[in-house]
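One structure below.
The values are calculated or read from the model by the stated rules, or taken from the named source; none is laboratory data. None of these values were measured; they are calculated from a predicted model. Neighbour counts are summed over all protein chains in view; Cβ atoms, including those assigned to glycine, are modelled from backbone coordinates with ideal geometry. For accessibility, only protein heavy atoms count, side chains too; no ligands or nucleic acids. Shrake-Rupley method; radii C 1.70, N 1.55, O 1.52, S 1.80 Å.
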Amino acid sequence: MVSGGFGIIASNAAELTPRDLILLDRLTWGINASSAAHLQAVGTERWLREQLHSAAGSVLPGAATMQIEAMPDVHKFPFDIAVAFDQQGKASNQIIDPDQKKVAQQAFQQAMNDRTKQAAARSILHALYAPDQLRERMTWFWFNHFNVHQYKANLRILVGDYEDRAIRPFALGKFHDLLAATLHHPAMLRYLDNADNATGHLNENYAREIMELHTVGVSSGYAQTDVEALARILTGVGVDLKPEDPKLKPELQSQLVREGAFEFNPARHDYGDKTFLGHQIRGRGLAEVDEALDILCRHPATATHLSRQIATYFVADNPPEMLVQRMAQTFEASDGDIAAVLSTMVHAPEFMASLQPGTKFKDPVQYVLSAVRLAYDNKVVVNTLPIQNWLNRLAEGLFNHDTPDGYSMTSASWNGPGQMMIRFEIARQIGSGSSGLFKPDMPNAVDQPAFPLIQNSLYFNGLRQTLGPTTLAALDQAISPQDWNTLFLSSPEFMR
């Protein structure tokens with residue numbers, strides 16, 4: 001054993017305990033042979049440091065990188081892409097001939113759908129193969145926290161960039177930077193209607209969700225007057241795809257801010273003074289937004305609200321209050337350092353106690369991705385559409401939750417009989433063969449031979465120890481490798 005913060009769950013390079021294996025599965029998108037070998041080689045504490053302090057932009061395997069590089073528009077500026085789609089949509093609507101108009105509009109819709117599929121493919125490839133697995137887990141968590149829905153307006157062309165630029169780079173950094181990045185992204189501004197928020201035409205949607213969902217939480221004691229004040233602060237913060245600057249009075253021109261599709265238009269801003277959460281904010285433009293974000297990020301209720309959500313995601317449906325409070329204290333002391341909060345969590349005795357078989361039920365995304373990671377390790381899939389379809393069938397499709405609150409993180413939402421039946425079907429598809437994962441998404445493509453090897457050295461040297469007698473007895477009755485794989489992926493222990 002290695003001494004240090006993990007005490008009894010820390011391991012040396014010679015062995016991995018069942019708790020080590022559960023730890024690895026809990027903090028990544030699923031254990032596989034290569035990740036277990038790395039943990040065994042470096043030890044638990046070094047592995048945790050690598051995960052908590054990984055540099056943004058880690059390198060994916062070459063085969064995954066090649067798929068991403070081949071995606072249309074991947075190197076284009078989001079502003080240019082949004083402008084091009086905006087023009088395409090307007091052009092299709094202006095066609096007079098009904099049949100031609102229908103064809104053009106269908107092509108426009110298909111182009112947006114294709115862009116969302118590419119975004120989902122990038123997300124899945126990162127989740128399956130990125131070495132900084134904890135960053136990828138937190139990327140999903142924060143996207144869900146700052147949820148946007150792909151089918152509102154033209155968000156299908158923006159969700160991939162939203163995840164790539166506004167979420168992933170900040171997933172382990174300071175919460176203030178993450179909140180500001182989502183606020184400056186056109187996907188969020190359009191989804192929650194702040195693009196329509198202007199002086200004299202107040203729209204409170206985004207202001208309300210920033211407080212209720214993104215920061216202090218609904219039970220923190222803020223009033224409707226605080227929502228109205230924040231909405232006034234956010235007036236003029238919106239989206240502009242026009243190449244030319246808006247025409248402004250000379251005294252306002254220096255206040256205009258344009259960064260890509262983001263715009264702060266001073267002509268649409270309420271310059272009156274505001275009272276927000278007991279703080280007096282002098283009307284002066286975009287600087288008011290920065291001041292409001294500072295107030296929200298440093299509010300004790302934000303520390304508690306976020307800590308409880310993170311603990312729910314990683315520890316238990318109803319996480320221990322002592323753990324939540326220690327995480328919140330770290331949040332406040334570190335000025336919202338997400339990695340520091342996670343470090344407090346994983347080194348806490350309550351987290352150690354949760355590293356038992358059958359403790360934390362996997363939501364559909366965790367279940368499907370962990371199954372594919374275990375089945376194929378670092379053999380890179382060439383078609384993510386089967387995974388996208390499985391997640392849609394399990395009602396947790398990527399970018400597909402329509403309300404701002406995001407998907408539920410508690411087991412009751414995902415462990416019903418209907419869900420289990422679909423999981424058993426998916427387990428059989430993954431366990432019985434390649435299921436289209438190695439058949440390129442193109443006409444006349446040939447399916448590459450691939451078979452999941454789950455009953456391997458990782459199983460015999462580690463995973464078998466995490467299984468109960470009922471599951472072991474069922475596996476012993478398997479009549480084929482396909483049947484064995486299906487039984488393992490359907491077992492209660494793998495579901496958790």
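Listed values, structure above:
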read-out	value
Any hit, the range 332-339, residues being polar (S, T, N, Q), surrounded by 17 or more Cβ atoms within 10 Å (Cβ to Cβ) and over 27 Å from ALA55 (Cβ atoms)	no
Residue satisfying condition, being in contact with a Cys (Cβ under 9 Å, 6 or more places away or on another chain) and not β-branched (Val, Ile, Thr), within set HIS184, HIS126, HIS176	HIS176
Residue in the range 203-213 that is among the polar types (S, T, N, Q), modelled with pLDDT of 95 or more and open to solvent by 30 Å² or more (accessible area, probe 1.4 Å) present	yes
Selection within the range 222-241 - part of a loop (DSSP other than H, G, I, E, B) and either on the phi > 0 side of the Ramachandran plot or surrounded by fewer than 16 Cβ atoms within 10 Å (Cβ to Cβ) (or both)	ALA223, GLY236
Matching residues, the range 459-487, being of a type outside the set (Val, Ile, Thr), in a helix (DSSP H, G or I) and more than 20 Å from THR17 (Cβ to Cβ)	ALA473, ALA474, LEU475, ASP476, PRO481, GLN482, ASP483, TRP484, ASN485, LEU487
Tally, over the range 145-158, of residues that are more than 21 Å from MET71 (Cβ to Cβ) and open to solvent by less than 10 Å² (accessible area, probe 1.4 Å)	2
Residues of the range 40-51 that turn out to be out of contact with any Lys or Arg (no Cβ under 9 Å at 6 or more places or on another chain) and closer than 12 Å to GLN133 by Cβ, as a count	3
Selection count, the range 396-424, where residues are aliphatic (A, V, I, L, M) and open to solvent by 60 Å² or more (accessible area, probe 1.4 Å)	2
Answer from ARG46, ARG19, ARG26 - the residue that is of a type outside the set (A, V, I, L, M), modelled with pLDDT under 95 and assigned to a helix (DSSP H, G or I)	ARG19
In the range 242-288, the residues that are out of contact with any Phe, Trp or Tyr (no Cβ under 9 Å at 6 or more places or on another chain), of a type outside the set (Asp, Glu) and assigned to a loop (DSSP other than H, G, I, E, B)	LYS242, PRO243, PRO246, LYS247, LEU248, LYS249, ASN265, HIS269, TYR271, GLY272, GLY278, ARG282
Tally, over the range 443-457, of residues that are more than 18 Å from ILE430 (Cα to Cα) and not hydroxyl-bearing (Ser, Thr, Tyr)	4
Close pairs from the range 199-217: first in a loop (DSSP other than H, G, I, E, B), partner of a type in the set (A, V, I, L, M), Cβ under 6 Å, at least 6 apart	LEU202/ALA231; GLU204/VAL227; GLU204/ALA231; THR215/LEU296; VAL216/ALA301; GLY217/ALA301
In the range 425-458, the residues that are outside any helix (DSSP H, G or I), open to solvent by 50 Å² or more (accessible area, probe 1.4 Å) and of a type outside the set (Asp, Glu)	LYS439, MET442, PRO443, ASN444, VAL446, GLN448, PRO449, PHE451, LEU453, GLN455
Complete set of residues in the range 359-375 that are among the aromatic types (Phe, Trp, Tyr) and open to solvent by 10 Å² or more (accessible area, probe 1.4 Å)	PHE361
Qualifying positions in the range 153-189 - part of a loop (DSSP other than H, G, I, E, B) and either under 22 Å from LEU234 (Cα atoms) or more than 15 Å from the chain's Cα centre (by Cα) (or both)	ALA153, ASN154, LEU158, HIS184, HIS185
Unmet criterion (only one of (1) in contact with a Leu (Cβ under 8 Å, 6 or more places away or on another chain); (2) more than 26 Å from LEU155 (Cα to Cα); (3) touching a residue at least 60 places away in the same chain (Cβ under 8 Å)) for LEU248	(3)
Check on GLN356, polar (S, T, N, Q), part of a helix (DSSP H, G or I) and open to solvent by 10 Å² or more (accessible area, probe 1.4 Å)	no
Residues being modelled with pLDDT under 95 and loosely packed, with under 14 Cβ neighbours inside 10 Å - total across the range 260-275	0
Pairs, first on the phi > 0 side of the Ramachandran plot in the range 409-424, second open to solvent by less than 40 Å² (accessible area, probe 1.4 Å) and not in a loop (DSSP other than H, G, I, E, B), C-beta under 8 Å, six or more apart	none
Residue among ASN383, ASN378 that is touching a helix residue (DSSP H, G or I) at 6+ places or on another chain (Cβ under 6 Å), touching a residue at least 40 places away in the same chain (Cβ under 8 Å) and either more than 22 Å from GLU493 (Cβ to Cβ) or open to solvent by 50 Å² or more (accessible area, probe 1.4 Å) (or both)	ASN378
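Residues checked against (1) open to solvent by less than 50 Å² (accessible area, probe 1.4 Å); (2) modelled with pLDDT under 95:
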| site | (1), (2) |
| --- | --- |
| LYS76 | no, yes |
| GLN88 | no, yes |
| SER92 | yes, yes |
| LYS101 | no, yes |
| ALA111 | yes, yes |
| ALA119 | yes, no |
| SER123 | yes, no |
| ASP132 | yes, no |
